[in-house]
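Read the structure below first, then the notes.
The values are calculated or read from the model by the stated rules, or taken from the named source; none is laboratory data. Small disclaimer: the values here were computed from a predicted structure and weren't measured. Ideal geometry is used to build each Cβ from the backbone, glycine not excepted, and the neighbour counts take in all protein chains shown. Areas reflect the complete protein model, heavy atoms only, side chains present, ligands, DNA and RNA absent. Shrake-Rupley method; radii C 1.70, N 1.55, O 1.52, S 1.80 Å.
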Amino acid sequence: MTASIQDAGLKRELEEKVRAGERLSREDGIALYECDDLAWLGGLAHEVRTRKNGDVVHFNVNRHLNMTNVCTASCAYCSFQRKPGEKDAYTMRIEEAVRLAKAMENENLTELHIVNGLHPTLPWRYYPRSLKALKEALPQVSLKAFTATEIHHFEKISGLPASEILDELIDAGLESLTGGGAEIFDWEVRQHIVDHETHWEDWSRIHRLAHEKGLKTPCTMLYGHVEEPRHRVDHVLRLRELQDETGGFQVFIPLRYQHDFVDMKDGKVRNRLQARTTMATGAEALKTFAVSRLLFDNVPHVKVFWVMHGVRTAQLALNHGADDMDGSVVEYKITHDADNYGTPNKLTRDDLLELIRDAGFRPVERNTRYEIIREYEGPDPARREAPQPMRA
């Protein structure tokens with residue numbers, strides 16, 4: 001595309017395409033990232049988001065369970081992994097995982113989100129047994145578990161093909177894979193950030209299989225590190241093409257790359273990208289949500305994971321294409337500052353309802369399948385400062 005996005009004619013052309021429901025191209029996506037008019041870009045994405053989801057912001061009551069942080073990989077951006085024998089390496093017994101999950105039950109939990117390290121010696125049978133025990137203990141809770149990278153790892157340690165692995169996990173209670181392991185698919189970037197063997201070919205193969213078996217899954221993108229906008233566009237277009245084929249992705253989740261704000265107990269900073277990267281600004285985050293919503297025309301939802309963006313940027317993202325606000329939600333108050341800019345690592349349900357209403361939207365609680373559990377009142381129109389969709 002030779003014309004600049006600052007050119008009024010090109011802006012008008014892109015507006016017309018979006019409003020006519022025409023699919024945007026790779027060149028369109030790159031041009032949108034070059035746009036400095038965030039109000040225009042956010043407004044266009046907000047139109048699409050409103051057409052698909054009205055004035056609703058979805059959320060669910062979920063908690064994260066990581067049964068082991070021992071991992072054979074040492075991905076450059078990852079602070080979670082530990083090697084066997086490190087001081088704060090851990091692996092839960094199945095009974096311990098069940099006990100922890102049961103302790104969350106009285107929070108009206110509807111989803112358990114389970115992601116682990118790629119443990120070098122845990123047997124394959126540990127994983128379906130874990131799911132079975134968790135499902136028996138919490139029959140009303142949906143199990144969203146394992147990245148495509150973990151499924152690929154299970155293939156290696158079990159000798160079974162992914163199809164059989166997924167069948168066994170589904171029998172044990174698996175309702176959805178998680179979207180992780182995607183990061184950035186383009187090899188130009190991926191070779192610098194990922195230290196495992198699950199790349200686009202295997203990631204897409206495993207999600208395709210999951211979709212064939214009737215699972216709906218999320219998909220993600222880790223942005224704001226060493227990639228360029230063109231890599232983000234390429235990432236979304238690969239997912240869009242796979243969605244054309246399977247229709248199995250329910251939601252796209254842009255994840256903001258994080259620095260280690262707090263040194264680990266042993267003082268070791270494991271994030272090897274940190275010395276040569278800066279995190280994405282709020283404006284860059286909002287641009288990423290907007291362009292993703294405009295490009296990814298065949299996925300129904302775009303989610304902002306507020307834990308990685310901060311609650312204020314998350315609220316603004318709801319006006320730049322996102323319609324789902326996710327993170328650990330609890331019934332009681334826990335005050336804990338997870339980073340240096342005031343983001344808690346848990347919110348109460350009331351906190352979240354207030355944040356959604358404050359941004360000008362109507363909260364709707366959903367389950368893992370995006371079926372509505374409960375609808376809440378929207379913003380109070382009688383309030384003097386009745387919220388309107390915000391513009392940065």
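General observations
- Highest GNM mean-square fluctuation among V18, V302, V291, for the chain modelled with Cα contacts below 10 Å: V18.
- Per residue, the chain exposes 41 Å² of solvent-accessible protein surface, assessed with a 1.4 angstrom probe and all protein chains in place.
- Computed from point charges on the beta carbon alone (+1 for Lys and Arg, -1 for Asp and Glu), the dipole magnitude for segment 207-264 about its Cα centre is near 220 Debye.
- Taking the accessible area of the chain, probe 1.4 Å, and keeping the other protein chains in place, the carbon and sulfur fraction comes to 49%.
- Unmatched cysteines, the chain - criterion: no other Cβ of a Cys under 4.7 angstrom: C35, C71, C219
- Calculated on alpha-carbon atoms, Rg and Dmax of segment 36-383 in Å: 19.3, 63
- Among R63, R208, R12, the order of accessible area from largest down is R12, R208, R63, computed with a 1.4 Å probe on protein heavy atoms.
- Diagonalising the gyration tensor over the Cα atoms of segment 1-126 and scaling each eigenvalue by 5 before taking the square root yields semi-axes of 46, 22, 12 Å, largest first.
- At the listed q of 0.22 Å⁻¹, the Debye profile of segment 195-286, built from one uniform point per Cα, gives log10 I(q)/I(0) equal to -1.13.
- Looking at segment 64-140, the trypsin sites (Lys or Arg not before Pro) that sit in a DSSP loop and have at most 12 other Cβ atoms within 10 Å of their own Cβ are K87, R93, R125.
- The value for segment 146-233 of Rg(Cα) / (2.2 N^0.38 Å) is 1.13.
- Residues whose amide H lies under 5 Å from that of L65, counting only those 5 or more places away or on a different chain, are H113, I114, V115; hydrogens are built 1.01 Å from N in the peptide plane.
- Helix 94-103 and the longest principal axis of the Cα set of the chain meet at an angle near 50°.
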